[in-house]
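Values quoted throughout were computed directly from the atomic coordinates according to the rules given, and no laboratory measurement underlies them. Being a predicted model, the structure only gives us computed values, none of them experimental. So basically every Cβ, Gly included, is an ideal-geometry build from the backbone, and we count neighbours across all protein chains shown.
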Amino acid sequence: METDLEEVIPKNIRDQIQTQIEDWEKKDKMFVTTQASDYVMECLQDNSCLTLTAPSGVGKSFIARHTALVLKKEGYNIIPVELPADIKTYYQPGKQTVFIVDDICGNFTANQQQIDNWKQLLPVIDRVIADKCCKIIVSCRLQVYKDDKFNILLPFKSCECNLISDKLCLTSVEKTNIAKTYIGTNMTDIDDLSSKCDFFPLLCSLYHKKEDVDVKEYFKNPFEVYKNELDRLSEHGDEGNYKICSLAFMCSL
């Protein structure tokens with residue numbers, strides 16, 4: 001982190017951000033460049049605020065973080081935004097800063113309270129966007145972005161990159177490259193397997209962490225694979241049940 005952030009961000013928060021960015025950098029080593037990621041960089045040349053939209057698992061957050069890391073190499077400070085007020089608190093006029101907002105205004109439906117909170121910050125958002133030294137990169141579930149309630153947040157509607165649009169969706173070559181990177185082998189029928197779900201990049205990432213699972217079976221029936229794993233967990237008594245409860249709790253957050 002740049003030393004000028006010491007003026008506005010408490011040390012414990014700076015340390016948390018640094019740890020978060022280091023985790024992004026570690027995962028970014030497996031990032032596969034796509035027409036979408038290139039287009040995002042192009043859009044940021046002329047736009048200070050950009051919103052990545054898509055269903056869950058398509059790669060919104062991964063592309064947003066990768067883009068921020070590219071900007072970091074150009075001298076930008078990265079500030080992940082947890083609350084709308086963070087932008088007002090940590091904004092420094094004239095300082096190269098990229099704010100990253102993940103899943104703005106809700107994970108599944110548009111959250112009215114969150115929309116109201118961002119609405120109150122719109123004058124600040126406009127000032128940040130007008131500052132050519134700053135960028136705001138937002139990820140947003142497509143169903144949230146399309147909700148009529150979201151239309152009031154005009155700055156976040158100014159430049160949309162829809163990752164499942166005909167222009168930006170994954171090409172066959174990109175799917176193959178992603179599969180090679182995470183699975184480590186050539187997959188036949190890649191287009192057929194990937195066409196069954198929009199969240200193909202997420203499945204590749206999750207498969208990378210798995211062992212002893214047939215790759216084709218996994219991509220054809222991912223939910224069945226995880227269902228079987230949960231069933232096996234329940235066979236391990238209290239310890240297995242505790243893990244299931246933990247998973248349920250994490251999913252509810």
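Averaged over residues, the count of other Cβ atoms within 10 Å places the peptides 41-53, 73-85 in the sequence 41-53, 73-85, highest first. Computed over region 65-129, relative contact order equals 33 percent, with contacts defined as Cα pairs under 8 Å that lie 6+ residues apart. Placing +1 on the Cβ of every Lys and Arg and -1 on the Cβ of every Asp and Glu, with no other charges, gives region 30-139 a dipole of roughly 220 debye about its Cα centre.
Between T97 and N77, C134, K135, the built amide H atoms are under 5 Å apart, and every one of these is 5 or more places off in sequence or on another chain.
For C161, the residues whose amide H sits under 5 Å from its own are T51, L52, T53, ignoring neighbours fewer than 5 places away on the same chain, with H placed 1.01 Å from N.
Using a cut-off of 18 Å between Cα atoms, the listed pairs K27/K88; K72/K132; K73/K135 include K27/K88 as exceeding that distance. Taking a ≥ b ≥ c as the square roots of the Cα gyration tensor eigenvalues, with a/c under 1.5 meaning rounded and otherwise prolate when a/b beats b/c, else oblate, which class fits region 1-140? Judged from the Cα gyration tensor, region 1-140 comes out rounded (a/c under 1.5). Among rounded, prolate and oblate, which fits region 57-173 when a ≥ b ≥ c are the square roots of the eigenvalues of its C-alpha gyration tensor, a/c under 1.5 means rounded, and a/b larger than b/c means prolate? Cα axes put region 57-173 in the oblate bin. 3J(HN,Hα) couplings calculated from phi for region 141-151 with the Karplus curve 6.51 cos²θ - 1.76 cosθ + 1.60 (θ = phi - 60°) are, in sequence order, 4, 4, 5, 6, 4, 7, 5, 4, 5, 6, 4 Hz; Gly and Pro show x. Electrostatic bookkeeping for Q35 treats Lys and Arg as +1 and Asp and Glu as -1; over the other residues with beta carbon under 9 Å from its beta carbon, the sum is -1.
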